[in-house]
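Below is one structure; the comments refer to it alone.
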Amino acid sequence: MGLDMTALLEVTGLTAGFGSTPVLFEVSLDVQPGELMALIGANGAGKSTLLGALSGLVQIFDGDIRFDGRRLVGLRPERIVASGLAHVPQGRRLFGTMSVERNLLLGGYRRHDSGVRQDLQRILRYFPALADKMARDAGTLSGGEQQMVAIGRGLMARPKLLMIDEPSLGLAPKIVDRVMEIVKEINQDGTAVLLVEQDVTLALEIADRGYVLEDGRVAMSGRAQDLRRDPAVRKAYLGV
Amino acid sequence: MSQFTQQVILGLLLGGIYVAVALGFSLVWGVLNIVNLAHGALIMVGSYITWTLFVNRVIRAPLLFTFLLTFGINLVIVSLLLLLFTADFRSVTTTYSGAGLHLGSVVIPYIRLGGLLVALVLAGILWLILNRTRIGAGILAVGADRDAAQLVGIDLRHLYALTFAIGAAFAGVAGGIISTFQSITPTAGDPYTLQSFAVVILGGLGRVSATIVGGLAFGLIEVLGQSAPGLGSGYANAIAFVVLVLVLIVRPRGLLGRLA
């Protein structure tokens with residue numbers, strides 16, 4: 001182990017967007033191996049766009065993305081997933097007319113190793129509620145259960161970094177707490193997490209560090225506990 | 001009564017052909033979002049797998065553009081066939097071409113019965129591919145949500161090419177069935193594009209069972225329609241399409257269709 005811990009994900013000067021319109025401007029951030037990073041910011045700040053750019057769905061105009069020692073810019077989404085970066089999109093985006101089990105198996109689409117079945121069991125340990133719903137169409141589950149399937153589908157790729165976009169969206173507070181607990185648990189089991197979350201209190205509670213995105217730029221960053229106490233963050237996002 | 005039974009049987013047999021013809025068409029439409037006007041030509045020639053990479057380029061293109069492109073492919077294939085085989089009528093005649101199964105006064109022509117069976121086997125194969133294989137899961141995923149499919153690691157270009165190839169291959173088998181009871185010419189496939197379209201609309205998009213129901217229903221409507229008192233065979237298509245419109249008014253998604 002050297003002293004120079006290399007970042008798992010390192011984004012440098014990233015400008016990205018749609019068509020010819022940038023949404024992100026020179027964003028730089030990093031995620032260390034095993035870290036739980038929160039990405040917070042108002043609606044339209046560019047959080048989802050950033051995740052889209054990292055997973056190859058959003059056009060990149062300038063800047064660099066390095067992940068686990070390789071350059072991601074210009075790679076097609078399926079190559080990025082295969083390199084160990086999984087993205088659980090906002091709104092779950094499950095395949096609603098397919099069974100829960102098939103949705104989860106699709107998460108491991110690129111994998112050909114024998115551990116797929118084992119990982120299915122691992123996911124059921126995180127989400128025991130899904131055990132007796134494996135044969136149901138994913139679209140018939142409750143919002144909370146669908147979010148569990150979405151996270152499980154992401155985990156099935158065996159990512160080194162799991163990006164989760166707004167897992168609390170549309171869920172009852174009790175369910176949100178449960179989902180956040182599991183996200184923390186997944187992280188403690190060794191998977192780095194990049195969590196985009198509107199519920200800033202919750203996000204900064206479980207995160208190690210955080211970045212605040214404003215109008216497509218990084219406005220602030222630091223340890224989660226410091227951000228929680230920061231007057232500007234409290235005023236803008238915590239409503240106090 | 002036996003007259004009616006005979007018509008129903010003929011209708012279902014014709015419907016079987018429509019099932020075979022529409023399976024690949026429905027798949028390509030459902031997953032690639034392409035209403036493939038070249039389907040009839042593909043039916044006539046079998047699988048033109050090499051075209052797939054070409055079609056790949058228009059996946060995200062506007063509907064009109066895909067119409068233009070697939071119509072263009074249709075013209076190209078038909079012209080090639082004209083060059084290769086000329087416009088002469090050709091037919092496949094077997095020793096049992098005229099024979100049939102006699103059940104009382106009802107006759108079931110073997111060749112058409114065979115066609116129906118092959119169609120149902122085809123449908124079964126497609127169902128198995130879609131619902132029991134990894135590739136099938138990928139195809140359905142792409143049809144349901146392109147971005148989400150990419151995020152789980154599905155290579156869109158590969159899946160598109162594969163889907164179009166499967167559609168073309170199924171068209172090819174359907175062409176084989178048709179050649180056993182109908183004279184073939186390079187342009188004889190064109191009506192089947194229209195029939196495929198009608199079958200998919202009638203049955204609904206996105207499920208194999210919908211294509212089976214749509215195909216059988218369309219064949220039945222056509223045969224029963226033309227045998228209705230006071231109407232001749234010239235009305236068969238007209239009646240079928242009137243029923244199609246009526247069904248769509250009541251069930252816009254088709255008989256068994258899922259929300260796309």
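The values are calculated or read from the model by the stated rules, or taken from the named source; none is laboratory data. Just so we're clear, the structure is a prediction, and the values are computed from it rather than from any experiment. Reconstructed Cβ throughout: ideal geometry from the backbone, glycine too, with neighbour counts over all protein chains shown. Only protein heavy atoms, including side chains, enter the accessible area calculation; ligands, DNA and RNA are left aside. Shrake-Rupley method; radii C 1.70, N 1.55, O 1.52, S 1.80 Å.
Report, in whole Å, the centroid distance computed from the Cα atoms of the range A:191-235 and the range A:62-133.
25
Rounded to the nearest 10 Å², what accessible area does residue B:39 show when all protein chains are kept and the probe is 1.4 Å?
Here the accessible area works out near 0 Å².
Looking at chain A, send over the antiparallel percent of its DSSP beta bridges, to the nearest 5. Write out the running numbers ahead of the final one.
Numbers: 23 of 41 bridges.
Just about 55 percent of them are antiparallel.
Excluding residue B:148 itself, calculate the net charge of residues whose Cβ lies under 10 Å from the Cβ of residue B:148, where each Lys or Arg counts +1 and each Asp or Glu counts -1. All intermediate terms of the calculation are to be shown ahead of the outcome.
On the way: positive: A:92, A:93, A:153, B:146; negative: B:145, B:147.
Net local charge, residue B:148 excluded: +2.
Ignoring any ligand, DNA or RNA, what whole percent of the accessible area of the protein assembly as shown comes from carbon and sulfur when the probe is 1.4 angstrom?
Looking at the protein assembly as shown in its full context, I get 60 percent from C and S.
Enter the Cα centre distance for the pair the range A:5-58 and the range B:128-179, rounded to the nearest angstrom.
33
Which value, in Å², gives the accessible area per residue of the range A:9-238 when a 1.4 Å probe is used on the protein heavy atoms?
Details: 9490 Å² over 230 residues.
For the range A:9-238, the per-residue accessible area is 41 Å².
Convert each backbone phi in the range A:54-62 into a coupling constant with the Karplus relation 6.51 cos²θ - 1.76 cosθ + 1.60 (shift: θ = phi - 60°), then list the ³J(HN,Hα) values in order as whole Hz, x for Gly and Pro.
5, 9, x, 8, 10, 5, 9, 8, 7
Hey, can you list the residues from the range B:126-147 whose accessible area shrinks by 40 Å² or more with all protein chains present, relative to the chain by itself (probe 1.4 Å, no ligands or nucleic acids)?
Residues of the range B:126-147 that lose at least 40 Å² of accessible area once the other chains are added: B:134, B:137, B:145.
PRE reach from residue B:99 (point 7 Å along Cα→Cβ): which of the range B:113-135 fall under 16 Å by backbone N?
B:113-115
Which lysines does residue A:160 reach when only Cα atoms under 17 Å apart count, and residues fewer than 8 places away in its own chain are ignored?
Within reach: A:184.
For the pair residue B:120/residue B:33, report the inter-label distance in nm, with labels modelled 7 Å from Cα in the Cβ direction.
3.6
What's the FRET efficiency of residue A:169 with residue A:112 using the Cβ-Cβ distance as r and R₀ = 30 Å, to the nearest 0.05?
Details: r = 33 Å, r/R0 = 1.11.
Efficiency, rounded to the nearest 0.05: 0.35.
To the nearest 100 Å², how much accessible surface do chains A and B hide from each other in total, with a 1.4 Å probe?
Details: alone 11520 and 12700 Å², together 22250 Å².
Buried area between the two chains comes out at roughly 2000 Å².
Quote the FRET efficiency, to the nearest 0.05, computed for residue A:20 versus residue A:198 with a Förster distance R0 of 30 Å and r equal to the Cβ-Cβ distance.
Taking R0 as 30 Å, the efficiency between residue A:20 and residue A:198 is 0.55.
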